[in-house]
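The structure appears below as structure tokens.
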Amino acid sequence: MKRLATITVAALLLLAACGGAGTTGAQSGGSVAVKLTDTGISLDRSSLTAGAVTFRITNAGSIEHEFAVLKTGLAADKLPADPTKPGKVKEDGNVGEVEGIAVKGTKDLSLDLQPGQYVLICNVPDHYGKGMHVAFTVK
């Protein structure tokens, strides 16, 4: 009897965590863990559904970085150079950014993202060219 009660409680907790039978659809938005190194950006997921998204950005590099979210139809490695700012790319479609992320520092960026293709970049001079960019999709 005690074992059946334990199994029942565990099943109810699992259903509650997954949304249970009364769920009306997938949860919107969510969180993304972002790791910045001196030569790249890695994510714990490459897409989410539209809605409130929080990027938890950690600088694992040896120098200060920034993080910008650009909504664009361009490939992550095809953003045009900014002729007025040497070593940087144009930030057309910028929907949010965080600057001054210190070495070993962590900052959050919360945005309400609409469906589409995004490119996440560090636009400190020459960092984009070193590979600090990644594609991200919002469904």
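The values are calculated or read from the model by the stated rules, or taken from the named source; none is laboratory data. Keep in mind that what you see is a predicted model, and the values were worked out from it rather than measured. Neighbour counts are summed over all protein chains in view; Cβ atoms, including those assigned to glycine, are modelled from backbone coordinates with ideal geometry. SASA here: full protein model, heavy atoms, side chains in, ligands and nucleic acids out. Shrake-Rupley method; radii C 1.70, N 1.55, O 1.52, S 1.80 Å.
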Tell me the per residue accessible area of the range 72-139 using a 1.4 Å probe; a whole number in Å² is fine. 54 Å²
Which aspartates and glutamates have a Cα lying under 17 Å from the Cα of Lys90, excluding residues fewer than 8 positions away in the same chain? Glu66, Asp77, Asp82, Glu99, Asp126
Selection from Gly87, Val138, Gly61 lying farthest towards where the dipole of the range 51-139 points positive, charges on Cβ: Val138
How much length, in nm to one decimal, is gained on full extension between Glu99 and Thr39, taken as 0.36 nm per residue of separation minus their Cα-Cα distance? 19.9 nm
Roughly speaking, to the nearest percent, how much of the range 82-139's 1.4 Å accessible area is carbon and sulfur? 51 percent
Two-decimal Rg/Rh of the range 22-139 from alpha-carbon positions, Kirkwood Rh? 0.98
